[in-house]
Amino acid sequence: MLNPQRSVSELPKMSAASQVERAVLEEEFNWLLKEEVHAVLKQLQDVLKEASRRFCMPSPGLESQLKQENFILGSSTMDQVKGVLTLQGEALTQADINLKIAKSSQVLHFQFREDKQWKLQQIQDARNHVNQALQLLSSRDETYHFKTGAEVNKLMDAVMLQLTRARNRLTTPASMTLPELATSGLMKMFTPPMPGDAMINFYINLSKLCLTVYQLHVLPPNTTKNFRPAGSSVLHNPGAMFELNNNRFEVSHVHKVECVVPWLNDTLVFFTISLQLCQQLKDKISVFSSFWNYRPF
């Protein structure tokens, strides 16, 4: 059994020890706010500047022009679709596509009209989110004094939101209905014009540039087939149906080819590193808050 007298007599010592510990912790926490936070912010800015630079690489010797890169899209297991795409920053500036028609084995050739280029909205949005994250970081330069941990957390949450949105734009292509694909501006960019029984789509998935071609057949007006319009999807399957201009169509064949864009892979790695740096800083602040019974910030 504890001696009550002894417990009471040790209270001042315990109180003094806890006060010393509190003083040490407060000193360390102030150092974190003043020094380490800015060191992490500098790291974040350096990483995100590298990510931003990947979106607008200049041409060698022509600093005012974005670098053009050609990508060959094909498959070792099928030859129905082959394509050569030219990517310049966020825009597809040229596309050269061969499509073998399933029934006749005839090969159709399409390319972008000279006056056309196709903006990849996913890349544009991802770049914008990176730049917004950089603006948030630059608003707190090394002369700024963070007064509370909550203030740091608020900044980290805002930066992490932009980085998560940037990553999601590259990892989650937009879902589209088949009528949306059929009436998109992309269908009007080719010469010769894309035939009425074919549709095409470009999108980014992770670090890959993807090309999908749909071949269609018209359903007879008196068909007994149960007509069920397909909903939105990134990739529609054979058998999917839709209605457009009082005609009903069914997808007969789907051909998807892709290739890796190395600099997109780099940006995804930079996003992961940056998100980890943000979370590690938040974790350090939460460690300090756990030492107090109340929130000191």
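The values are calculated or read from the model by the stated rules, or taken from the named source; none is laboratory data. Small disclaimer: the values here were computed from a predicted structure and weren't measured. Don't worry about glycine lacking a Cβ; one is built from the backbone with ideal geometry, like all the others, and counts go over all protein chains shown. In case anyone asks, the SASA skips ligands and DNA or RNA and just uses the protein heavy atoms, side chains included. Shrake-Rupley method; radii C 1.70, N 1.55, O 1.52, S 1.80 Å.
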### Task
Roll a 1.4 Å probe over the protein heavy atoms and report the accessible area of residue 157 in Å², nearest 10.
70
#### Entry: Residue-normalised accessible area of the stretch 201-297, expressed per residue, 1.4 Å probe, Å²
52
### Message
Not counting ligands, DNA or RNA, and with a 1.4 Å probe, what is residue 46's accessible surface area in Å² rounded to the nearest 10?
### Response
70
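Counting other Cβ atoms within 10 Å, keep those with at most 16, restrict to DSSP loop, and tell me which trypsin sites (Lys or Arg not before Pro) in the stretch 125-156 are left. Before the final figure, lay out each step's value.
Values: sites: 127, 140, 147, 154; in loops: 140, 147.
Listed in order of number, the matching sites are 140, 147.
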### Query
Given the protein chains as shown and a 1.4 Å probe, how many square angstrom of residue 78 are accessible, to the nearest 10?
50
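Assign unit charges at the C-beta atoms only (+1 for Lys and Arg, -1 for Asp and Glu), then state the dipole size of the stretch 78-130 relative to its Cα centre in Debye, rounded to the nearest 20. Mind showing how you got there, number by number?
Values: 7 positive and 6 negative charges, 37 e Å.
The calculated dipole for the stretch 78-130 is roughly 180 debye.
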### Query
Rounded to a whole number, what % of the accessible area of the stretch 181-297 do carbon and sulfur atoms account for, probe 1.4 Å?
52
### Message
How much accessible area per residue does the stretch 51-187 have, counting only protein heavy atoms and a probe of 1.4 Å, in square angstrom?
### Response
54
## Note on the structure
For the stretch 183-260, listing trypsin sites (Lys or Arg not before Pro) in a DSSP loop whose Cβ sees at most 11 other Cβ atoms within 10 Å gives 225
### Task
Keeping every protein chain in place, order 278, 259 by accessible area at 1.4 Å, biggest value first, i.e. largest first.
259, 278
### Task
Go ahead and run the numbers for FRET between residue 161 and residue 91, Cβ-Cβ distance against an R0 of 22 Å, rounding to 0.05.
0.25
### Query
What order do 101, 204 take when sorted by accessible area (1.4 Å probe), most exposed first?
101, 204
### Task
Tell me the label-point distance for the pair residue 248, residue 183, using the 7 Å Cα-to-Cβ offset, in nm and rounded to one decimal.
2.0
